[in-house]
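As structure tokens, the structure follows; a few thoughts come after it.
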Amino acid sequence: HSITKMSYLHFCSTEQYCKRVIQMGENPTRVINSGAPGVDNILNMELLSIDKLEKELEWKFSSKIALFTYHPVTLEERDLNKDIKFIFGVLTNLNLNVLFTYANADFGGKTINRNIEEFCRLNPIKYKVVKSLGQLRYLSAMKHVDLLIGNTSSGIIEAASFRKPVVNIGNRQRGRLRGKNVIDCDLDNLESSIELAVSDNFKRNIRNIENLYGIGKASDI
């Protein structure tokens, strides 16, 4: 709120966010719905083909593959070791192939990353971990996988542009608007949420969704 009140121009990523800023007393003529800048990259970057991506990652994509990014929630007092092992159990039960990326540097991130490394060593054909895919490879992977799992903002903002199902775990993205492609869950209903996300009916329902965060023209404003 303080940053908003000190600012003169306001570039918001959705129409609803514009309304919130205006409700705070800001001049509507200086509040612009630009969309999220991150969506621009999807249109402006030449994404890698699946063959090129497989070559760079040294890992083969196959059926039922998920892109997994899970960050610690710093204000929650949870047993991260227990939680991440529970998630691995669900992924194993559902026979998913998974491309993992590292958690961020917040407290608990090292615990998550260590567990991911150990899990991927169990079956390198089905599981691959990359510390950082970088923007090009990450967006390319998002294009080619079947779904996203985790609690990262890219599942809320960018994934809708690819019409990809997203299983969003926990409260880390609480307060962000989300499209119909996002299924919010906790660990207790994670398995059923993933099953719903990969179902033909769910994929049909999100086939023609529009991204709430814009069409990739934020930099044109």
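Residues to consider are F86, F61, F68; find the one that is open to solvent by less than 40 Å² (accessible area, probe 1.4 Å) and within 24 Å of N171 (Cβ to Cβ). So that I can check it myself, show each step before the final result.
On the way: F86 fails: open to solvent by less than 40 Å² (accessible area, probe 1.4 Å); F61 fails: within 24 Å of N171 (Cβ to Cβ).
On inspection, the qualifying residue turns out to be F68.
Checking the condition out of contact with any strand residue (DSSP E or B) (no Cβ under 6 Å at 6 or more places or on another chain), modelled with pLDDT of 95 or more and farther than 30 Å from K217 by Cβ, which residue from L47, L57 passes? Break it down into steps so the answer makes sense when it comes.
On the way: L47 fails: farther than 30 Å from K217 by Cβ.
Answer to the check: L57.
Considering only segment 118-172, give the strands (runs of 3 or more DSSP E) lying wholly within it that have at least 3 residues that are surrounded by 19 or more Cβ atoms within 10 Å (Cβ to Cβ) and among the hydrophobic types (A, V, I, L, M, F, W, C).
Working: elements: 127-130, 147-150, 166-169.
The qualifying strands (runs of 3 or more DSSP E) are 147-150, 166-169.
Could you grab me the full set of residues in segment 91-100 that are in contact with a helix residue (DSSP H, G or I) (Cβ under 7 Å, 6 or more places away or on another chain) and open to solvent by 10 Å² or more (accessible area, probe 1.4 Å)?
N93, L94
Can you tell which of N205, N181, N201 is surrounded by 13 or more Cβ atoms within 10 Å (Cβ to Cβ) and either among the hydroxyl-bearing types (S, T, Y) or farther than 17 Å from V145 by Cβ (or both)? Before you say what the answer is, go through the steps one by one.
Values: N181 fails: either among the hydroxyl-bearing types (S, T, Y) or farther than 17 Å from V145 by Cβ (or both); N201 fails: surrounded by 13 or more Cβ atoms within 10 Å (Cβ to Cβ).
Criteria check complete, one pass: N205.
Being modelled with pLDDT under 95, farther than 19 Å from K85 by Cα and in a loop (DSSP other than H, G, I, E, B) is true for just one of G179, G175. Which residue is that? Before the answer, list the steps.
Working: G179 fails: modelled with pLDDT under 95.
Within the list G179, G175, the selection yields G175.
Filter segment 101-142 down to the residues that are of a type in the set (F, W, Y), in contact with a helix residue (DSSP H, G or I) (Cβ under 7 Å, 6 or more places away or on another chain) and under 18 Å from G155 (Cα atoms) and list them by number.
Narrowing segment 101-142 to residues of a type in the set (F, W, Y): 102, 107, 119, 127, 138.
If we keep only those that are in contact with a helix residue (DSSP H, G or I) (Cβ under 7 Å, 6 or more places away or on another chain) too, we end up with 102, 119, 127.
Within segment 101-142, just Y102 meets the criteria.
Looking only at residues in segment 165-177 that are touching a residue at least 24 places away in the same chain (Cβ under 8 Å) and in contact with a strand residue (DSSP E or B) (Cβ under 7 Å, 6 or more places away or on another chain), which one is farthest from L147 (Cα to Cα)? Explain how you work it out, then say what you get.
Within segment 165-177, the first condition is being touching a residue at least 24 places away in the same chain (Cβ under 8 Å), and the residues that meet it are 165-167, 169-172, 177.
With in contact with a strand residue (DSSP E or B) (Cβ under 7 Å, 6 or more places away or on another chain) added as a condition, the list becomes 165-167, 169.
Values: P165: 5, V166: 6, V167: 8, I169: 13 Å.
Looking at residues that are touching a residue at least 24 places away in the same chain (Cβ under 8 Å) and in contact with a strand residue (DSSP E or B) (Cβ under 7 Å, 6 or more places away or on another chain), I get I169.
The values are calculated or read from the model by the stated rules, or taken from the named source; none is laboratory data. Here the structure is a predicted model, which is why all the values come from computation and not from measurement. Heads up, the Cβs are rebuilt from the backbone with ideal geometry, glycines too, and the neighbour counts pull from every protein chain shown. Side chains are part of the model used for accessible areas, which takes the heavy atoms of the whole protein and leaves out ligands, DNA and RNA. Shrake-Rupley method; radii C 1.70, N 1.55, O 1.52, S 1.80 Å.
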